[in-house]
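Report on the following structure.
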Amino acid sequence: FGLFTDILFVSPTRCHEHTHKMLSTSISISIHRALLRRSIRGPNAGWTFSSMSIIGTTRHASTYSAVKSSMARLESYPVMDLDITPITSSRVGPSVPEFDFGAGVRSIAEDIAPTRKELRDQIVRELHANIHHQRRPSPQLDVFGIPSKKVTEHIINAVTKVILPGFFEDRLVRPHNLKYHMGMLITEIKELVEDQVTRALLSEWRDGAPDAVQRCKAKARHITQQFLDTLPHLRGLVMQDVDAFQAGDPAARSREEIILCYPGLLALRVYRMAHELHRLKVPLVPRMMSAYAFHRTAVEIHPAARIGRAVFMDHATGIVIGETAVIGNNVKLFHNVSLTGLQQGGQDPMNGQRRHPHLEDDVTVYAGAALMGSIVVGKGSTVGGSVFLTSSVPPQHVVTQTSAKLRIRPPPLSQKILEHEYGCFDPCI
């Protein structure tokens with residue numbers, strides 16, 4: 001209910017004196033903390049909790065006194081409902097009093113102030129009025145809804161299990177049951193993809209015709225079958241990427257290590273799935289796949305980009321590949337490489353023209369390079385690290401950044417380090 005309830009359980013049957021003192025303190029602090037909340041919110045702000053009960057038993061009269069002294073402060077707050085009832089325990093004899101603080105925790109629902117319900121209803125009315133006032137089509141509120149993020153991630157995982165069997169399984173897969181396992185996965189993928197594509201088409205069409213749903217379902221079935229037909233091709237592309245990673249990274253010890261551990265391969269694998277769906281003109285779902293890969297790897301690849309075979313992304317983090325970018329075969333990209341568009345004045349970004357770089361075959365781009373605009377980097381060329389490039393490069397050329405001149409300024413006179421104190425300082429420590 002969004003309320004705070006202070007419940008302190010007390011059960012010291014045989015404790016030492018110092019433990020008893022700590023117990024008394026904890027009871028007092030608990031009640032005083034409740035009072036502090038009330039004083040901060042103000043007398044007319046309503047309670048932030050409905051009840052506070054102290055449950056258990058204690059044999060120490062001083063503990064009872066500590067609670068009574070704290071309870072005295074609550075007399076001016078009749079809303080509070082705390083009860084202290086002394087009882088006598090047959091276990092310890094009539095000479096040792098024992099006190100039961102409260103009979104139990106009352107139902108919180110009974111103590112909810114009506115003002116809280118009214119406040120909630122007011123917030124709901126304001127939000128609903130704001131949403132209704134926009135008067136825009138809301139496919140996410142339609143009976144079919146929009147594609148699900150979780151289902152999209154499930155599709156990615158299922159397709160990965162099909163094209164890379166045995167690596168990401170929840171159960172043991174052996175050669176004798178591999179065909180059955182893949183058949184079950186493909187059946188699951190078909191159902192999920194068909195449902196998500198149907199939702200995506202309905203959200204984009206916004207067609208109110210009675211047969212709109214049936215037409216969307218028929219088109220989704222056709223698209224799904226075409227996507228399933230590309231799975232053998234997707235596996236071939238992914239395995240060529242694995243070979244490129246193994247040839248390009250001396251630290252790679254095996255294919256298994258690359259498939260399980262390298263974020264660049266994960267980003268490429270998800271991109272190749274998303275690109276096939278984009279090629280089949282599926283709305284929204286490919287971008288959701290790319291967003292999943294970005295959150296997992298910090299690599300952003302637009303599903304519309306065209307990437308060739310055997311691409312190697314070393315470290316991968318921070319790579320950005322824009323919508324109209326084109327990457328050839330056997331290309332190597334290092335971390336923080338950007339292939340982005342160069343927006344020019346008066347240019348419409350939606351006119352279909354290429355606005356991102358084109359890397360031909362066998363191009364290498366080192367870390368931190370930023371390539372902008374519709375430039376072409378010729379076959380076999382190399383772009384050095386931290387290069388800012390906005391012009392095309394002929395084939396077999398090397399582009400490097402002129403070494404920047406470093407300037408080291410001494411600190412102000414008031415902040416100079418005393419030589420006799422730090423003259424022998426070893427910077428390697």
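The values are calculated or read from the model by the stated rules, or taken from the named source; none is laboratory data. Predicted, not measured: the structure shown is a model, and the values here were computed from it. In this analysis, Cβ positions are derived from the backbone assuming ideal geometry, glycine residues included, and neighbour counts consider all displayed protein chains.
What the table shows:
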{"item": "Which numbered condition Thr390 misses (of (1) of a type in the set (Val, Ile, Thr); (2) surrounded by 18 or more Cβ atoms within 10 Å (Cβ to Cβ); (3) more than 22 Å from Gly308 (Cα to Cα))", "result": "(2)"}
{"item": "Qualifying positions in segment 348-372 - surrounded by fewer than 19 Cβ atoms within 10 Å (Cβ to Cβ) and part of a loop (DSSP other than H, G, I, E, B)", "result": "Asp348, Pro349, Met350, Asn351, Gly352, Gln353, Arg354, Asp361, Asp362, Ala367, Gly368"}
{"item": "Unique residue being at pLDDT below 90 and either touching a strand residue (DSSP E or B) at 6+ places or on another chain (Cβ under 8 Å) or within 25 Å of Asp241 (Cβ to Cβ) (or both) when the list is Leu172, Leu192, Leu178", "result": "Leu178"}
{"item": "Pairs with Cβ under 9 Å, 6+ apart, first in segment 147-172 and within 27 Å of Thr198 (Cβ to Cβ), second surrounded by 16 or more Cβ atoms within 10 Å (Cβ to Cβ) and of a type in the set (Asp, Glu)", "result": "Pro147/Asp195; Ser148/Asp195; Val151/Asp195"}
